[in-house]
Amino acid sequence: GENVEQHPSTLSVQEGDSAVIKCTYSDSASNYFPWYKQELGKRPQLIIDIRSNVGEKKDQRIAVTLNKTAKHFSLHITETQPEDSAVYFCAATVNYGGATNKLIFGTGTLLAVQP
Amino acid sequence: GAVVSQHPSWVICKSGTSVKIECRSLDFQATTMFWYRQFPKQSLMLMATSNEGSKATYEQGVEKDKFLINHASLTLSTLTVTSAHPEDSSFYICSARDSRQIQETQYFGPGTRLLVL
């Protein structure tokens, strides 16, 4: 089955710096890669996603890149702010042909933005 | 749009009792809902996929007789933890897919924190 690895597990940056979180996946059939932000005790919130027919997608300070050949994708946050501090999860879909797509999550990255 | 609610938000129960958690899509229809469990400082682990009008699909290692799932309508799925034990204490989160959308986007509920004494 699909396996998603995520690095680093923790990341501390200074306010204004950039943060990069990387994920790799194992199933070459995966074609949808969302990123979720989860604050302590709250629900995961979708912040950006990318499909396999696109190599890069950007939304203001957040961008995601995808390398299908290497089977890895990354989240880039620029000009980080203290409110960006949270746990970030990457995920990948596993499509078993006609069956409902299900998300497989990475292990999460705790991002701490120091003021 | 795309709001998912869960009830209750937290519950404390005695060992051996059953607990029912509701997941509702408030402004869209969801043919498919998903149930996850999240232990402290860990990732979301998919427990089962809930399909309206049919039996749920459980992930390997998840006991279907212990975690009963019912998806009786396009806006409601329920998870019942039967004969709960302390090791079942966790954060249970549901998500739902909008049936009208082609995309695989899942919208998450706020979660239910279960503590079994």
TODO: Using only the alpha carbon atoms of the protein assembly as shown, find the Kirkwood hydrodynamic radius as the inverse mean reciprocal pair distance, in angstroms to one decimal.
DONE: 18.3
- [ ] Have a look at A:Ile21, A:Ile47, A:Phe105 and report the one farthest towards the positive end of the charge dipole of chain A, computed about the Cα centre with Cβ charges (Lys/Arg +1, Asp/Glu -1).
- [x] A:Phe105
Open item on the list: List the pairs from A:Lys37/B:Lys14; A:Lys102/B:Lys55; B:Lys20/B:Lys41; B:Lys14/B:Lys66 whose alpha-carbon separation is above 21 Å, in the order I gave them.
Closed with: A:Lys37/B:Lys14; B:Lys20/B:Lys41
TODO: Pull up the cross-link candidates among the aspartates and glutamates for A:Lys58, meaning alpha carbon to alpha carbon under 12 Å and not fewer than 8 places away within one chain.
DONE: A:Asp49
Open item on the list: Net charge around A:Glu39, counting only other residues with Cβ within less than 11 Å of its Cβ (Lys, Arg = +1; Asp, Glu = -1)?
Closed with: +1
TODO: Quick one: order A:Ile21, B:Ile93, B:Ile12 by neighbouring beta-carbon count within 10 Å, fewest to most.
DONE: B:Ile12, A:Ile21, B:Ile93
Open item on the list: Between the stretch A:48-115 and the stretch B:88-117, how far is it from one alpha carbon centroid to the other, in angstrom?
Closed with: 19
Open item on the list: Only four residue types carry charge here, +1 at the Cβ of Lys and Arg and -1 at the Cβ of Asp and Glu. Report the dipole size of chain B about the Cα centre in Debye, rounded to the nearest 20.
Closed with: 160
Open item on the list: As a footprinting exposure proxy, order B:Trp10, A:Trp35 by other Cβ within 10 Å, with the fewest listed first.
Closed with: B:Trp10, A:Trp35
TODO: May I ask you to sort A:Lys102, B:Lys41, A:Lys42, A:Lys22 by Cβ crowding, counting other Cβ atoms within 10 Å and putting the fewest first?
DONE: B:Lys41, A:Lys42, A:Lys22, A:Lys102
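No lab work stands behind these numbers, since they all come straight from the coordinates. Just so it is clear, the structure is predicted and the values come from calculations on it, not from any experiment. Heads up, the Cβs are rebuilt from the backbone with ideal geometry, glycines too, and the neighbour counts pull from every protein chain shown.
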